[in-house]
Amino acid sequence: MTASATQGTLTSAENTRGKHNFSAGPAVLPEAVIRRVQQDIWDIDGSGIGIMEHSHRGPVVDGVWERTEAACRKLANISDDYAIMYLQGGASTQFSMIPANLLPEGGTADYINTGAWSQKAIKEAKLYGTPHLAASSEDSNFDHIPTDLKCSDKPAYLHFTSNNTIFGTEFSDEPACPEGTFLVCDASSDIFSKPIDVSKYGVIYAGAQKNLGPSGVTLVIMRKDIAERCERTLPSMGMYKTHAENDSRYNTPPVFGVYVMGVVFEWILENGGLKGMAIRNAAKAQAIYDVLDAGFYKPHAKTGSRSMMNITFNCPSDDLNKVFLKEAQANSFDGLKGHRSVGGIRASVYNAFPAAGCQALAQFMRDFAQKNG
Ligand SMILES: *Cc1c(COP(=O)(O)O)cnc(C)c1O
């Protein structure tokens, strides 16, 4: 029996839990996914055993691995030149694993600094070589995506953060990659939210807990020739080669997280694929940006750099921010408090966040502005 034959479709867009969950991460999952997961925690594929209780080397998990990889390759059109890995330690572990494996001793790698996550990646690169700052928007508290890149002569790679979860900015296109090197992208908060040409990248990595599933698993998509490289002596668990060669099962992998991610991939496929996600996400975000553009609120991100995933803004005063958050909470809008480095309000509206929730927030914001303007 296949999962889809027994368990119905994943197309329902309902939200019956009574809360609009704007959490930045871990974040809301599609209700249709949660319902299937509930069932499979109890008994997956008619095996009489739940997904968390199966051996990671048994046939049921083999099936989960096959379905997950197939769905991932299909939705982003990922060729066999790329390895798909499921690692642990979050995106934060990738900050050091990337330079440890791919930055030669004494070498230089280029980084675009678009916020706190980029800065953390740069910090780890210093342990292994010289990160060169190709561009930065730090001078204006990361309110835009810098476009003028000054790359070094022969960087090992060019690293960027495609969506800046804290500041609410997002690359609309990949930065131009210097000849003879490859792009490395931290896509933790916008992966699979829109079409992506994977062939333009050497490495894409993302912690699952924003757009893909539960925390505890990190998706790494890496060109196979890059995954084979390792610039220094490292522990087995710290080498991409180990995980690529062992199908992410060198040790016990985060089976449950991989399984949920696979169901989310199938949910994306059944709901219009990446194109469908992009259309839906643009309309969702626009409903809120329209309110920001009508005055009263102070958006953080500059037009042209706005994120479709994290919408950041302040009320005219800090006191009003507090009133806003209190009234929002009382009206079932959860998780809207902004990160301390921007303050105010952040609405995270990843793939799984329902469109109706964005419309409800937009209406709440209009009412609040009218009352307090
Ligand atoms: C959340 C986030 C991270 C950190 O992810 P962990 O899985 O907690 O390590 C890194 N980069 C970006 C862009 C993020 O949004």
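The set of residues in region 152-179 being within 11 Å of the ligand (Cβ to nearest atom) and not β-branched (Val, Ile, Thr) consists of PHE160, SER162, ASN163, ASN164, PHE167, GLU170.
Within region 351-373, residues that are open to solvent by 60 Å² or more (accessible area, probe 1.4 Å) and modelled with pLDDT of 95 or more sit with their Cβ atoms under 8 Å from residues that are in a helix (DSSP H, G or I) and not β-branched (Val, Ile, Thr), at 6+ positions apart or across chains, in these pairs: GLN359/ALA287. I'm checking my understanding of the structure. Among residues of region 118-136 that are farther than 17 Å from ALA176 by Cα and surrounded by 22 or more Cβ atoms within 10 Å (Cβ to Cβ), which one is farthest from the ligand (Cβ to nearest atom)? The qualifying residue farthest from the ligand (Cβ to nearest atom) is TYR128.
For every residue, the table says whether it meets (1) in contact with a His (Cβ under 7 Å, 6 or more places away or on another chain); (2) modelled with pLDDT under 95; (3) open to solvent by 60 Å² or more (accessible area, probe 1.4 Å); (4) part of a loop (DSSP other than H, G, I, E, B).
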| position | (1), (2), (3), (4) |
| --- | --- |
| ARG17 | no, yes, yes, yes |
| GLY63 | no, no, no, no |
| LYS74 | no, no, yes, no |
| GLN94 | no, no, no, no |
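Among the residues of region 198-224, those that are on the phi < 0 side of the Ramachandran plot, more than 10 Å from the ligand (Cβ to nearest atom) and touching a residue at least 60 places away in the same chain (Cβ under 8 Å) comprise VAL198, SER199, VAL203, PRO214, LEU219, VAL220, ILE221, MET222, ARG223, LYS224.
Residue under question is SER79, and the condition is that it be over 23 Å from GLY213 (Cβ atoms), open to solvent by less than 40 Å² (accessible area, probe 1.4 Å) and of a type outside the set (A, V, I, L, M, F, W, C); does it hold? Answer is no for this residue. Among (1) within 16 Å of the ligand (Cβ to nearest atom); (2) within 27 Å of GLY357 (Cβ to Cβ), which single condition is SER96 missing? So SER96 meets the others, but not (2). ALA24 satisfies every condition listed in (1) crowded, with 17+ Cβ neighbours inside 10 Å; (2) more than 30 Å from GLN359 (Cα to Cα); (3) among the small types (Gly, Ala, Ser) except (2).
The values are calculated or read from the model by the stated rules, or taken from the named source; none is laboratory data. In this text the structure is predicted, and so the values were computed from the model without any measurement. Every residue, glycine as well, gets a Cβ built from its backbone with ideal geometry; the counts of neighbours run over all protein chains shown. For accessibility, only protein heavy atoms count, side chains too; no ligands or nucleic acids. Shrake-Rupley method; radii C 1.70, N 1.55, O 1.52, S 1.80 Å.
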